[in-house]
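*Asks:* Handing you a structure now.
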Amino acid sequence: MTSNRPATKSERPGTKREIPVPETTVPDGEELASRCPHCDRPFTSESLRDLHVGEVHDDVAADGECEAYDAALEDERDALFLYQLKVTVVLGLTYSSSALILLFVLG
């Protein structure tokens, strides 16, 4: 399923802020997890769709969509915290091992 829409700009109802609508194409053989119910944009996961709906279509989002946005945002924060924790551990291990190697080389 391929969608070759030209990139256009849409306006949120009640605001003067223009939101760019990116040109999206879905390669043949790719499966879509879902589409935005408001602008029909394809997404590879429902979490990404929920984040998009909550950030771009927050003025027209239903209550269930707002709850899904909050859950997706919390999941994204948890994933980011876990990533930062892993990076901190790796940097600490790298620093410690390089300090020990330097001690053995100089000692």
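No value in this document is a laboratory result; all are computed from the given coordinates. Because the structure is a prediction, the values reported are computed rather than measured. Please note: Cβ atoms are built from the backbone with ideal geometry, for glycine as well, and neighbour counts cover all protein chains shown.
*Asks:* Counting other beta carbons within 10 Å of each residue's own, what order do Asp28, Asp50 fall into, fewest first?
*Replies:* On the way: Asp28 7, Asp50 25.
Neighbour counts put them in this order, fewest first: Asp28, Asp50.
*Asks:* Let me ask another. Along the Cα→Cβ direction, 7 angstrom out, place labels at Val26 and Leu73. What is the inter-label distance in nm?
*Replies:* Distance between label points: 2.7 nm.
*Asks:* When a footprinting reagent is the concern and you count Cβ atoms within 10 Å, what order do Ser34, Ser96 take, fewest first? Display every interim value, and only then the final one.
*Replies:* Values: Ser34 17, Ser96 10.
Listed from fewest to most nearby Cβ atoms, that is Ser96, Ser34.
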